[in-house]
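To start, the structure under review is shown below, and the notes come after it.
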Amino acid sequence: MKEQYVGDISDYRKYALLRALAAGGANRIGVCWMLTAPDGRTDGGKLAYLQQPERHRAFDPNLFDILAHVAAEPDRRRLESIEASGAVPGATYFNTVLSDNVRDRATYMVACKAALATAELIFFDPDNGLEVALRKGRKGSSKFLYLDEVAAFYAAGKSLLIYQHFPRIEREAFIAECAARLRAVVPDADLWAFRTAHVVFLLLFHPSSPTSLVKAGRATCNRWPSDFVRGYPVSSPSPDTLVQLLFELEGDAASVRG
């Protein structure tokens, strides 16, 4: 994630979901921001929703008020303000900047695992989402979470929540494809999707997850209207659909390399 996006409408949905999963601090949440350097783009700052409290505040009034306050901060201070606000009750944060360097990335993941060792659920917030056909160490690789990293944190007994931006392909089929790729590395996970307008959050429950976390996840599925966040269990696509989707994702990766 990039600090230029902190507090935007997607963040509102993201923090609302994390707050619901935290259940007031009953469940221990770890947040790996996968923070990357600003890129100079101007598509951040989607903050107009904060000027429409009559439309948006009711989803999570306390969170809305926190974000309205944070939005007044300079970009470089917003993330610090979010962490200090208690927006996600009891959460632990790992906010080191992630680079494209492959050795630095390995060190980063080791440090992240140590920093979030007590968390029951770890949220990964990459710029784009799960890996595409782009090797670690290549330009732009810091925008992705790789499947071997998913497997390593899951093997440590962690449930995982992963940010995934929607590419320009059919969305339900894409979600099912993501589920198939995740099940290839964590076959015993109970997998749920929390879909929003432009993003899906992929939730992987580890078999050792505390009952309170599983209950919070399932209760969150119907917590809000479907145009805010909608949750549901995910099935896998057919083999033919998977092949086609992987072909289209390779096209997306080529555009990232370009």
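The values are calculated or read from the model by the stated rules, or taken from the named source; none is laboratory data. Please read all numbers here as calculations on a predicted model, not as lab measurements. Note that each Cβ is placed from the backbone with ideal geometry, even for glycine, and that neighbours are counted across all protein chains shown. The protein model used for the area step is the full one, side chains on, heavy atoms only, and it has no ligands, DNA or RNA in it. Shrake-Rupley method; radii C 1.70, N 1.55, O 1.52, S 1.80 Å.
Find the residue count for region 60-85, including only residues that are at pLDDT 95 or above and either closer than 30 Å to D148 by Cα or exposed (fewer than 15 other Cβ atoms within 10 Å of the Cβ) (or both).
Within region 60-85, residues that are at pLDDT 95 or above and either closer than 30 Å to D148 by Cα or exposed (fewer than 15 other Cβ atoms within 10 Å of the Cβ) (or both) number 3.
Scan region 191-204 residue by residue and report those that are open to solvent by 10 Å² or more (accessible area, probe 1.4 Å) and either modelled with pLDDT of 95 or more or in a strand (DSSP E or B) (or both).
Once the filter is applied, which keeps residues that are open to solvent by 10 Å² or more (accessible area, probe 1.4 Å) and either modelled with pLDDT of 95 or more or in a strand (DSSP E or B) (or both), region 191-204 yields W192, R195.
Go through region 104-124 residue by residue and tally those that are among the aliphatic types (A, V, I, L, M), in contact (Cβ under 8 Å) with a residue 24 or more places away in the chain and either open to solvent by 70 Å² or more (accessible area, probe 1.4 Å) or under 25 Å from R138 (Cβ atoms) (or both).
Qualifying residue count for the region: 2.
Please work out if V31 is touching a Leu at 6+ places or on another chain (Cβ under 8 Å), open to solvent by less than 50 Å² (accessible area, probe 1.4 Å) and either at pLDDT 85 or above or at positive phi (or both).
Against the criterion (touching a Leu at 6+ places or on another chain (Cβ under 8 Å), open to solvent by less than 50 Å² (accessible area, probe 1.4 Å) and either at pLDDT 85 or above or at positive phi (or both)), V31 qualifies.
Looking only at residues that are open to solvent by less than 30 Å² (accessible area, probe 1.4 Å) and part of a strand (DSSP E or B) in region 148-170, which one is farthest from R28 (Cα to Cα)?
Per the stated criteria, the residue is Q164.
For A22, state whether it is within 20 Å of R223 (Cβ to Cβ) and in contact (Cβ under 8 Å) with a residue 40 or more places away in the chain.
yes
Could you list, in sequence order, the residues of region 219-235 that are part of a helix (DSSP H, G or I) and either aromatic (F, W, Y) or under 18 Å from Y163 (Cα atoms) (or both)?
If the condition is that a residue be part of a helix (DSSP H, G or I) and either aromatic (F, W, Y) or under 18 Å from Y163 (Cα atoms) (or both), then T220 is the only one that fits.
Tell me which residues, restricted to region 214-237, are closer than 16 Å to Y15 by Cα, open to solvent by less than 60 Å² (accessible area, probe 1.4 Å) and either touching a Lys or Arg at 6+ places or on another chain (Cβ under 9 Å) or among the β-branched types (V, I, T) (or both).
T220, C221, W224, F228, V229, G231
Give just the number: which of (1) open to solvent by less than 40 Å² (accessible area, probe 1.4 Å); (2) modelled with pLDDT of 95 or more does Y93 not satisfy?
Unmet for Y93, out of (1) open to solvent by less than 40 Å² (accessible area, probe 1.4 Å); (2) modelled with pLDDT of 95 or more: (1).
Quick check, is E83 under 16 Å from L202 (Cα atoms), in contact (Cβ under 8 Å) with a residue 12 or more places away in the chain, part of a helix (DSSP H, G or I) and under 18 Å from the mean Cα position of the chain (by Cα)?
Spelling it out, it is not the case that E83 is under 16 Å from L202 (Cα atoms), in contact (Cβ under 8 Å) with a residue 12 or more places away in the chain, part of a helix (DSSP H, G or I) and under 18 Å from the mean Cα position of the chain (by Cα).
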